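To start, the structure under review is shown below, and the notes come after it.
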Amino acid sequence: MHRPGLVRTNASGHQRTQGRLPVRLVAKVASRSRTHSAILENISKSGAKLAVDNAPQIGSDVILKWHGHELFGRVSWTSATHCGLVFDATVPPALLEETLSLDELAHVPDELDVTGAAAREWFDGDGRYGFD
């Protein structure tokens, strides 16, 4: 059982000190060199996990953008299909609650991944999973 203030290690060996809220929302991660399409998979008051194609480098300063919201952070880890962010400032509880509510309305279907053609169309606003 997790106790506040204790560090948890997840299955991939990454440490986190905050519980994550599971979501699946369309997002963008903007680094100095490019903008990456992503799926926001979870978020906490201190960071987030994203499914992303060709993630920014570890240590890159980035802006996470989703549904009209923006947070500044830094890439803390990457894998072939995901990356983790640590935010520069604590995310307000109201924004976390709003993000959970958005997930109920705009949840990315599980069959879509960030590298698939359907996902690319969706991110570009041309797919059937848009924000109608």
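Some notes on this structure:
- Rg and Dmax [Cα atoms of region 21-123; Å; Rg one decimal, Dmax integer]: 12.5, 35
- In plain terms, the residue of PHE72, PHE87 with the fewest other Cβ atoms within 10 Å comes first and the most crowded comes last, giving PHE72, PHE87.
- Here the peptides 88-99, 73-84 are ranked by packing, the mean other Cβ count within 10 Å, and the order with the highest first is 73-84, 88-99.
- Length gained on full extension, ASP88 to LEU100, computed as 0.36 nm times the residue gap minus the Cα-Cα distance: 2.2 nm.
- Counting 0.36 nm for each residue step from SER46 to ILE58 and taking away their Cα separation leaves a gain of 2.7 nm.
Every number here is computed from the coordinates shown, using simple stated rules; none is lab data. Since the structure is predicted, the reported quantities are computational estimates derived from the model, not experimental observations. In this analysis, Cβ positions are derived from the backbone assuming ideal geometry, glycine residues included, and neighbour counts consider all displayed protein chains.
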